[in-house]
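K.L.:
Structure incoming, see below.
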Amino acid sequence: MIPFEDLLWVVFYAALAAFVVAVVALGALYGLRGRSVATQLIVVGAATVLATISGILVISFMMLLNDHDRSVVLAVVTSAGLVAMAVSVLLGRRLVAANRTLVEAVRADRFRPPPVRLPAELAELSRELEAAYDRLAASHAREQALETSRRELVAWVSHDLRTPLAGLRAMAEALEDEVVADQRTVQRYHGRIRVEVERLTEMVDDLFELSRIHAGALRLSRERVGLADLVAEAVAGAEVLARAKGVRLRGDVREGLAVQVDAGELGRALRNLVVNAIRHTPSDGTVEIIGGIRGGRARVTVADACGGIPEDDLPRVFDVAFRGEAARTPGGGAGLGLAIARGIVEAHAGEIGVANDGPGCRFEVCLPLTV
Ligand SMILES: Nc1ncnc2c1ncn2[C@@H]1O[C@H](COP(=O)(O)OP(=O)(O)OP(=O)(O)O)[C@@H](O)[C@H]1O
Ligand SMILES: [Mg+2]
């Protein structure tokens, strides 16, 4: 039985020898830090074997081991060490192979996690890469959709501008050449010119607003506004149009709550909804604007009697330049109103949506309540 004090010395010298080996190994690992994991694993394996051998040499120098025992122990440790190194090499090669599979998957057009079982860290990396790829693909798709709608918008808008411009030019030429001379026709031409100019001005104004929204340049000057005032304003602004079309227009706010909004911008968004509703409601129909509270948020709904929007069109009505079949007629809108309304509502951290309901459809605007 070895005395306790000798055992402590053995531990001390063996730890010292192992420490020296560890320092050399760490130095080597530092020098090789940019190399393959397989190479670094070989260094770790070699350091483990060398630390054990140095311990054995220490105890043989302390005369605790005779020559015969030392040879036996060294032979055992060396063969075990060689096997351990072989395992390190195998593990290193597996890691390198797994890494290569991942790299090949990343190089492919569409990243899919490799169908092999990866070590936990690489599997996590693979999951993160897949999520990043999906996000990238989604934003690419969004960008393409935006680009397509922008191209369509330019095509439609230039068409929409050209048609009334051609009319204006014809009327102006007729007036200039005095082709029309009787007082009533001259007056009618003047009236039409004014209406067309107003429509074109509105369209240019909408385009400007939309480009400000898209550029993120919409500056909101928020103030505390009663929901009732917003609804009353929207009703008042559309009353003439409703009367001219024979549509009943009703506004109603049950709770007296306030929101912190840019009254001008939000009024514009609501006006777009109400004007659409009146345009698509047959005479004698009703358009209802209701303000209230829902799920801790302020809610304004605009319900009409349009007969419902086709299901296929529902998700697209807020797209720039989208117009339903019936609206693609000369003199119809440019398909900007709802895109503007959505931009304004989202700039207020709100949400806008539409669903078919009853005799028509219901547009819904939700806004955070003022605290
Ligand atoms: N209240 C509604 N009822 C039925 N369809 C609607 C209603 N509001 C919008 N739509 C459909 O959504 C399309 C897009 O509406 P949006 O307000 O963006 O454009 P627009 O009214 O055609 O033109 P603009 O508003 O630029 O004058 C409309 O063309 C119409 O087909
Ligand atoms: Mg509109």
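What follows is calculated from the coordinates using simple rules that are stated; it is not laboratory data. Here the structure is a predicted model, which means the values were calculated and not measured. Cβ: placed from backbone, ideal geometry, glycine included. Neighbour counts: every protein chain shown.
K.L.:
Can you work out the Karplus-derived ³J(HN,Hα) for every residue in the range 263-273? Use 6.51 cos²θ - 1.76 cosθ + 1.60 with θ = phi - 60°, whole Hz, and x for glycine or proline.
P.N.:
Computed from phi, the couplings for the range 263-273 are 4, x, 5, 5, x, 5, 4, 5, 4, 4, 5 Hz.
K.L.:
Along each of the three principal axes of the Cα atoms of the range 112-154, give the extent in whole Å, ordering the values from largest to smallest.
P.N.:
Sorted largest first, the three principal extents are 52, 15, 6 Å.
K.L.:
Okay, helix-only estimate at 222 nm for the chain: each DSSP H run of n ≥ 4 adds -39500 (n - 2.57), divide by all residues, round to 500 deg cm²/dmol; what do you get?
P.N.:
Numbers: 8 runs with 231 residues, N = 371.
Helix-only estimate at 222 nm: -22500 deg cm²/dmol.
K.L.:
For the range 93-108, what does the Karplus curve 6.51 cos²θ - 1.76 cosθ + 1.60, with θ = phi - 60°, yield as ³J(HN,Hα) per residue in whole Hz, taken in order and with x for Gly and Pro?
P.N.:
Residue by residue, the range 93-108 yields 5, 5, 5, 4, 5, 4, 5, 5, 4, 5, 4, 5, 5, 5, 6, 5 Hz.
K.L.:
Beyond 38 Å, what share of the Cα-Cα pairs of the chain remains, rounded to the nearest whole percent?
P.N.:
Beyond 38 Å sits 52 percent of the P(r) for the chain.
K.L.:
Also, quick follow-up: Order of Met63, Met171, Met1 from fewest to most other C-beta atoms within 10 Å?
P.N.:
Met1, Met63, Met171
K.L.:
Which of Pro315, Val49, Val72 sits farthest toward the positive end of the charge dipole of the chain, with +1 on the Cβ of Lys and Arg and -1 on the Cβ of Asp and Glu?
P.N.:
About the Cα centre, the residue reaching furthest to the positive side is Val72.
K.L.:
Determine the relative contact order of the chain: mean sequence separation of Cα pairs under 8 Å and six or more apart, normalised by residue count, in whole percent.
P.N.:
Value for the chain: 12 percent.
K.L.:
Given the convex hull of the Cα atoms of the range 215-371, what is a quarter of its surface area in nm²?
P.N.:
Over every viewing direction, the Cα hull of the range 215-371 projects on average to 9.2 nm².
K.L.:
Compare the Cα positions of Thr370, Leu7, Gly350 along the charge dipole of the chain (+1 at Cβ of Lys, Arg; -1 at Cβ of Asp, Glu; about the Cα centre) and return the one farthest towards the positive end.
P.N.:
The residue sitting most towards the positive pole is Leu7.
K.L.:
By count of other Cβ within 10 Å, fewest leading, how are His68, His348 ordered?
P.N.:
So the residues, fewest neighbours to most, are His68, His348.
K.L.:
Do me a favour and compute the ellipsoid semi-axes for the range 161-214 from its Cα gyration tensor, root of five times each eigenvalue, largest one first, whole Å.
P.N.:
Working from the Cα gyration tensor, I get semi-axes of 30, 10, 5 Å.
K.L.:
Name the residues whose placed amide hydrogens come within less than 5 Å of the amide hydrogen of Val261, ignoring near sequence neighbours (fewer than 5 apart) on the same chain.
P.N.:
Glu223, Val225
K.L.:
Order of Ile278, Ile2 from fewest to most other C-beta atoms within 10 Å?
P.N.:
Ile2, Ile278
K.L.:
Tell me the angle of helix 4-31 to the major Cα principal axis of the chain, expressed in degrees between 0 and 90 and rounded to the nearest ten.
P.N.:
For 4-31 against the chain, the angle is about 50 degrees.
K.L.:
Separate question: Can you tell me the orientation of helix 183-214 relative to the chain, as the angle in degrees between its alpha-carbon axis and the longest Cα principal axis, to the nearest 10?
P.N.:
For 183-214 against the chain, the angle is about 10 degrees.
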